[in-house]
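Report on the following structure.
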């Protein structure tokens with residue numbers, strides 16, 4: 001980081017800035033130019049408030065040279081992070097793109113089982129489902145809680161699927177981690193720092209959704225909290241951002257995929273369901289996400305979306321989901337990034353997770 005001083009900055013002003021830095025144990029080097037003086041910070045930049053420093057007399061601007069998100073930065077970790085599930089299935093890097101599919105909310109055992117059967121028959125290995133639901137209105141359906149988690153785990157074991165579900169507060173994380181294979185941090189909680197620290201302390205992978213009004217840097221800084229806690233298995237999820245455009249629920253930011261790929265080593269998937277809020281656009285954005293290099297997708301599927309207790313308008317019917325999967329396979333093959341699609345495998349009367357040959 002460098003501090004660019006104003007032209008004509010006085011020696012007393014420079015001395016005040018120097019004393020401010022020294023008092024906080026921060027080393028710096030003074031470089032006198034022909035027109036301006038620059039102070040170069042050496043080492044850590046964590047001992048002061050950058051905004052306060054920028055307003056000190058004699059300071060023109062404070063410029064970052066290194067990334068503020070050291071652990072999630074590609075400059076510090078050039079190789080792609082690849083998350084390996086217990087059976088060898090991989091997420092990220094050059095591994096096939098994955099699909100995570102299921103209902104927005106867990107409503108009943110029949111609903112979850114019917115959805116799991118269709119999703120699994122399509123070759124999908126990961127099932128999503130909300131047991132705890134953050135809702136805008138306090139009067140909306142909030143999920144089945146731990147009863148919902150038990151249903152997810154039961155159906156996941158029956159169909160040989162990995163379960164992805166959301167934690168809303170730090171106290172829930174240890175229990176949810178016992179039921180889920182991937183713990184989700186939702187958009188509303190992207191900057192819930194106690195929650196980020198808590199999921200940073202577990203071993204299960206964490207799916208971190210981008211906040212609706214968050215920049216890519218803020219998103220990567222949120223991931224930094226999880227990585228700093230010791231959990232290196234972080235999956236980023238682009239789910240649309242709030243803009244001035246009202247035609248969709250949010251604006252799908254597919255450009256975030258290549259941007260994140262350049263800045264970070266973490267795998268990134270896309271949520272076209274929340275990004276659009278309308279089922280007729282989900283497949284289009286899903287195809288685009290795979291085409292721009294996403295490591296996967298997370299979509300909502302429901303047996304009867306018009307009667308869903310939450311987000312029915314953006315949930316795919318079984319027919320639309322099956323149609324979308326066929327389209328995704330063709331797009332994935334066209335961009336030389338195969339989609340992880342595995343047929344059902346039954347052993348001793350139960351569905352089991354079968355390592356895919358394409359993972360080798």
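Computed values, structure above
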{"quantity": "Cα gyration tensor shape of region 156-309, rounded if a/c is under 1.5, else prolate or oblate by comparing a/b with b/c", "calculated": "oblate"}
{"quantity": "Of all DSSP beta bridges in the chain, antiparallel share, percent nearest 5", "calculated": "40"}
{"quantity": "Residue-averaged [θ]222 nm for the chain, counting only DSSP H segments that reach four residues, each worth -39500 (n - 2.57)", "calculated": "-9500 deg cm²/dmol"}
{"quantity": "Taking 250, 321 and counting other C-beta atoms within 10 Å, the order from fewest to most", "calculated": "250, 321"}
{"quantity": "Relative packing of peptides 251-257, 150-156 - highest average C-beta neighbours within 10 Å first", "calculated": "150-156, 251-257"}
{"quantity": "Average Cα contact separation per residue, region 83-359, under 8 Å, 6 or more apart, as relative contact order %", "calculated": "22"}
{"quantity": "Anisotropy class of region 2-63 from Cα gyration tensor, a/c 1.5 cut", "calculated": "prolate"}
{"quantity": "Three-way shape label, region 235-335, alpha-carbon gyration tensor, a/c 1.5", "calculated": "oblate"}
{"quantity": "Region 193-222 and region 262-306: distance between their alpha carbon centers, rounded to Å", "calculated": "19"}
{"quantity": "With Cα atoms, 0 to 90° folded angle of helix 216-228 axis to the chain main axis", "calculated": "80"}
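Rule-based calculations on the coordinates, nothing more; no lab input. Source: prediction; values computed, not measured. Quick reminder, even Gly has a Cβ in these numbers, built from the backbone with ideal geometry, and neighbours come from all protein chains shown.
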